[in-house]
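All remarks here apply to the structure that follows.
The values are calculated or read from the model by the stated rules, or taken from the named source; none is laboratory data. Since the structure is predicted, the reported quantities are computational estimates derived from the model, not experimental observations. Cβ placement follows ideal geometry from the backbone for every residue including glycine, while neighbour counts extend to all protein chains displayed.
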Amino acid sequence: MSDLKYHVAAVGNALVDVLAHTDDAFLEQQKAAHGMEKGAMTLIGQDRAVELYDLMGPAVESSGGSAANTIAGLASFGGKAGYIGKVADDQLGDIFEHDLRALGVDYRTSRLTNGPKTGRCMILVSPDAQRTMNTFLGASSELDPSDIDADLIAASEVTYLEGYLFDKDAAKNAFVIAAKEAHLAGNRVALTLSDSFCVDRHRHDFLDLVNGHVDLLFANEDEIKALFLQNEFIDAIEAVRNACEIAVVTRGEQGALILSGGHQYEVEAKLVREVVDTTGAGDQFAAGFLYGFTQGFDLEKCGRLGALAAAEVISHMGPRPEMRLADLTNEAA
């Protein structure tokens with residue numbers, strides 16, 4: 001990591017996750033009544049969040065948010081990280097801050113004292129382990145350019161941006177500022193597209209960001225097809241080849257593709273005994289990849305670390321690792 005203080009600084013939605021098991025009948029009912037899409041993320045208001053919480057069964061609550069989950073995974077590998085994300089001055093904000101700092105993450109974004117409460121994501125896990133997310137952004141959506149810590153970004157080898165934040169113009173502007181600060185310091189910028197519906201809402205802005213500011217792009221099949229308006233995966237792959245330095249496309253049980261400089265690497269998914277919950281699979285793949293990348297590993301080994309981290313997280317409920325991911329490093333050799 002040369003003489004930089006951090007491997008990765010992430011900018012994302014600071015949320016508390018509420019996870020519960022459900023069945024397909026409930027999801028169909030909620031789709032009819034509220035447009036809930038299985039396997040996708042739907043933005044909801046505070047009243048709907050309260051209503052849905054009351055309808056959910058027994059739940060597990062933990063600090064979450066896509067980029068924060070990635071940072072938690074990176075820290076579990078032994079990486080040094082910082083995080084920028086907005087919470088309110090409330091109990092859930094306390095929980096979020098405590099959890100990140102307990103991992104050794106540098107987190108110092110000022111809290112929102114007037115406005116919405118700390119955001120939360122209601123995650124319904126169906127019998128096929130798919131996760132359907134309903135997100136009340138709350139305070140997280142109030143992040144703006146003034147929250148970007150230029151010193152933190154300058155001290156980080158990679159600045160990692162979470163696409164879920166793209167639903168407000170202030171956050172989009174914050175991304176551009178963060179990317180410019182990273183490049184001014186000679187560091188790299190990574191982006192995760194996060195959700196195909198989010199990409200559909202903001203395709204033009206995402207393309208501008210990717211073409212003008214992003215060095216490493218993370219996406220799944222649906223997201224990469226949505227970004228380039230392609231129906232076929234192979235066509236989307238051709239479109240992304242020259243968009244940025246490195247593109248990492250995850251494909252679930254089919255593993256992942258890594259594209260760089262005209263080269264293409266295929267990474268096999270690691271088999272698990274039982275897939276319990278796919279929440280956080282992409283987040284942890286990014287954690288493993290970024291840890292390997294900032295250690296100077298070759299791209300294939302970075303991908304294998306990502307696959308190992310993803311396999312660990314889908315074997316249990318919740319989006320963050322339950323074991324020390326550093327113990328997996330030798331398996332990726």
Tell me whether the stretch 24-44 contains one or more residues that are surrounded by fewer than 23 Cβ atoms within 10 Å (Cβ to Cβ), within 23 Å of I314 (Cα to Cα) and of a type in the set (F, W, Y). yes
When residues of the stretch 45-90 are limited to those that are among the aromatic types (F, W, Y) and either assigned to a helix (DSSP H, G or I) or surrounded by fewer than 24 Cβ atoms within 10 Å (Cβ to Cβ) (or both), the one modelled with the highest pLDDT: F77
Among (1) within 15 Å of I84 (Cβ to Cβ); (2) in contact with a Leu (Cβ under 9 Å, 6 or more places away or on another chain), which single condition is M122 missing? (1)
Pairs under 6 Å by beta carbon, first residue free of Cβ contacts under 8 Å to residues at least 40 places away in the same chain in the stretch 61-90, partner of a type outside the set (A, V, I, L, M, F, W, C), six or more apart or different chains? A75/G104; D89/R111; D89/T113; D90/K117; D90/T118
Go through the stretch 134-165 residue by residue and tally those that are assigned to a strand (DSSP E or B), hydroxyl-bearing (S, T, Y) and either at pLDDT below 95 or out of contact with any strand residue (DSSP E or B) (no Cβ under 7 Å at 6 or more places or on another chain) (or both). 1
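Is it the case that the stretch 217-230 has a residue that's of a type outside the set (K, R), more than 24 Å from V8 (Cα to Cα), loosely packed, with under 15 Cβ neighbours inside 10 Å and modelled with pLDDT of 95 or more?
First, the residues of the stretch 217-230 that are of a type outside the set (K, R): 217-224, 226-230.
From the residues that got through so far, the ones that are more than 24 Å from V8 (Cα to Cα) too are 221-222, 226-230.
Now narrow it down to the ones that are loosely packed, with under 15 Cβ neighbours inside 10 Å: 229.
From what is left, the residues that are modelled with pLDDT of 95 or more are 229.
Yes; the residues of the stretch 217-230 include at least one that is of a type outside the set (K, R), more than 24 Å from V8 (Cα to Cα), loosely packed, with under 15 Cβ neighbours inside 10 Å and modelled with pLDDT of 95 or more.
Conditions tested, residue by residue: (1) surrounded by 21 or more Cβ atoms within 10 Å (Cβ to Cβ); (2) among the small types (G, A, S); (3) within 19 Å of L161 (Cβ to Cβ); (4) modelled with pLDDT under 95.
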| site | (1), (2), (3), (4) |
| --- | --- |
| H213 | no, no, yes, no |
| E238 | no, no, no, yes |
| Q254 | no, no, no, yes |
| L271 | no, no, no, yes |
| V276 | no, no, no, yes |
| A287 | yes, yes, yes, no |
| Y291 | yes, no, yes, no |
| T294 | yes, no, yes, no |
Give the number of residues within the stretch 107-134 that are among the charged types (D, E, K, R) and in contact with a Lys or Arg (Cβ under 8 Å, 6 or more places away or on another chain). 1
Quick one: in the stretch 91-108, of everything that is touching a residue at least 40 places away in the same chain (Cβ under 8 Å) and in contact with a strand residue (DSSP E or B) (Cβ under 7 Å, 6 or more places away or on another chain), which residue is surrounded by the fewest Cβ atoms within 10 Å (Cβ to Cβ)? I95
Residue, farthest from N13 (Cα to Cα), within the stretch 109-130, restricted to residues that are at pLDDT below 95, of a type in the set (D, E, K, R) and surrounded by fewer than 23 Cβ atoms within 10 Å (Cβ to Cβ): D128
What are the residues in the stretch 159-175 that are within 18 Å of the chain's Cα centre (by Cα) and surrounded by fewer than 24 Cβ atoms within 10 Å (Cβ to Cβ), if any? F166, D167, K168, K172, A174
Go through (1) free of Cβ contacts under 8 Å to residues at least 40 places away in the same chain; (2) in contact with a Phe, Trp or Tyr (Cβ under 9 Å, 6 or more places away or on another chain) one by one and return the number of the condition F218 breaks. (1)
Of the residues L308, L259, which is in contact with an Asp or Glu (Cβ under 7 Å, 6 or more places away or on another chain) and among the aliphatic types (A, V, I, L, M)? L308
Those helices (runs of 4 or more DSSP H) completely within the stretch 233-333 that have 2 or more residues that are under 15 Å from the mean Cα position of the chain (by Cα) and of a type in the set (A, V, I, L, M) are 281-294, 299-313
Can you tell me which residue among D54, D90 is of a type in the set (D, E, K, R) and touching a Ser or Thr at 6+ places or on another chain (Cβ under 7 Å)? D90
